[in-house]
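What follows is a short report on a single structure.
The values are calculated or read from the model by the stated rules, or taken from the named source; none is laboratory data. Computed from a predicted model, the values in this text were never measured in an experiment. Backbone-built Cβ (ideal geometry, glycine too); neighbour counts: all protein chains shown. Side chains included, ligands, DNA and RNA excluded: accessible areas come from the protein's heavy atoms. Shrake-Rupley method; radii C 1.70, N 1.55, O 1.52, S 1.80 Å.
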Amino acid sequence: MTKLISYKILSKSRFSINGFNMVPLRKEDRFVIMKWRNEQLYHLRQKKKLTKKDQDKYFNEVVNELFDKEFPDQLLFSFLDTDKCVGYGGLVHLDWENKNAEISFVMDTILEKDNFKNYWRNFLKMIEIIAFEELNLNKIYIYSYDLRPKLYEVTFENSYLLDAKLREHIFYNESFINVNIHSKLNSDYEKNTNSN
């Protein structure tokens with residue numbers, strides 16, 4: 001296991017809830033992440049399969065640079081069930097001026113059928129702590145192709161609202177499909193946190 005690296009902008013390097021942990025993206029997880037991304041191209045904006053060379057280049061030239069930045073454009077995490085990586089994601093397209101970011105999450109393809117809702121729910125709880133308590137963002141949002149109904153069940157359970165439906169926005173599998181954008185505001189998070 002490699003030494004845990006931290007993001008300069010965060011006060012800690014491990015976030016935990018219900019037996020799950022999120023830590024800054026570990027280099028040791030890069031090839032399993034590559035495998036999941038290649039298996040799940042259907043719902044990602046990635047256009048072609050990644051190679052080990054692509055993945056090494058991305059980690060060396062992009063990910064390694066994020067840790068010391070004052071205002072990185074993304075914060076990526078390994079999502080762990082105890083200490084085993086079962087997914088990864090984070091805050092991407094960080095807009096520091098307007099205080100918002102997109103949520104990204106990909107999990108182990110094999111575990112999706114039985115664990116997606118539980119993993120997604122716990123990932124959202126931790127990413128909200130990072131976004132709203134650590135970074136004081138105003139808004140986080142999910143940009144998703146309208147292909148994954150399980151995603152929306154948990155999204156609504158966690159008080160995300162549909163901001164926009166981009167009708168027939170993506171050409172997929174010989175037809176056009178919608179893109180949905182769901183968001184949560186810091187004020188909604190505070191209201192839900194204070195009422196519990």
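At-a-glance table
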read-out: Criterion (of a type in the set (Val, Ile, Thr), at pLDDT below 95 and either part of a strand (DSSP E or B) or open to solvent by 20 Å² or more (accessible area, probe 1.4 Å) (or both)) met by exactly one of Ile103, Ile110; value: Ile110
read-out: Hits in the stretch 125-163 - residues which are part of a loop (DSSP other than H, G, I, E, B) and either touching a residue at least 40 places away in the same chain (Cβ under 8 Å) or among the small types (Gly, Ala, Ser) (or both); value: Leu135, Asn136, Leu137, Asn138, Leu147, Arg148, Ser159
read-out: Selected residue (only one of Asp83, Asp54, Asp95 is surrounded by fewer than 17 Cβ atoms within 10 Å (Cβ to Cβ) and modelled with pLDDT of 95 or more); value: Asp95
read-out: Residues satisfying the stated conditions in the stretch 64-74, i.e. in contact (Cβ under 8 Å) with a residue 40 or more places away in the chain and open to solvent by less than 60 Å² (accessible area, probe 1.4 Å); value: Leu66, Phe67, Pro72
read-out: Residues of the stretch 117-127 that turn out to be under 30 Å from Glu168 (Cα atoms) and in contact with a strand residue (DSSP E or B) (Cβ under 7 Å, 6 or more places away or on another chain), as a count; value: 4
read-out: Scope the stretch 141-196; condition of a type in the set (Asp, Glu), open to solvent by less than 70 Å² (accessible area, probe 1.4 Å) and more than 21 Å from the chain's Cα centre (by Cα); matching residues; value: none
read-out: Cross-chain or 6+ apart pairs with Cβ under 6 Å, the stretch 75-87 first and assigned to a strand (DSSP E or B), then of a type in the set (S, T, N, Q); value: Leu80/Asn21; Cys85/Ser78
read-out: Long-range neighbours under 7 Å by Cβ, at least six apart or interchain, first residue more than 20 Å from Asn115 (Cβ to Cβ) and touching a residue at least 24 places away in the same chain (Cβ under 8 Å) within the stretch 16-42, second aliphatic (A, V, I, L, M) and open to solvent by less than 40 Å² (accessible area, probe 1.4 Å); value: Leu25/Val63; Leu25/Leu76
read-out: Residue within the stretch 170-186 that is of a type in the set (Phe, Trp, Tyr), more than 17 Å from Asn100 (Cα to Cα) and in contact (Cβ under 8 Å) with a residue 40 or more places away in the chain present; value: yes
read-out: Top-ranked residue of the stretch 4-24 - restricted to ones that are hydrophobic (A, V, I, L, M, F, W, C) and not in a loop (DSSP other than H, G, I, E, B), ranked as surrounded by the fewest Cβ atoms within 10 Å (Cβ to Cβ); value: Ile17
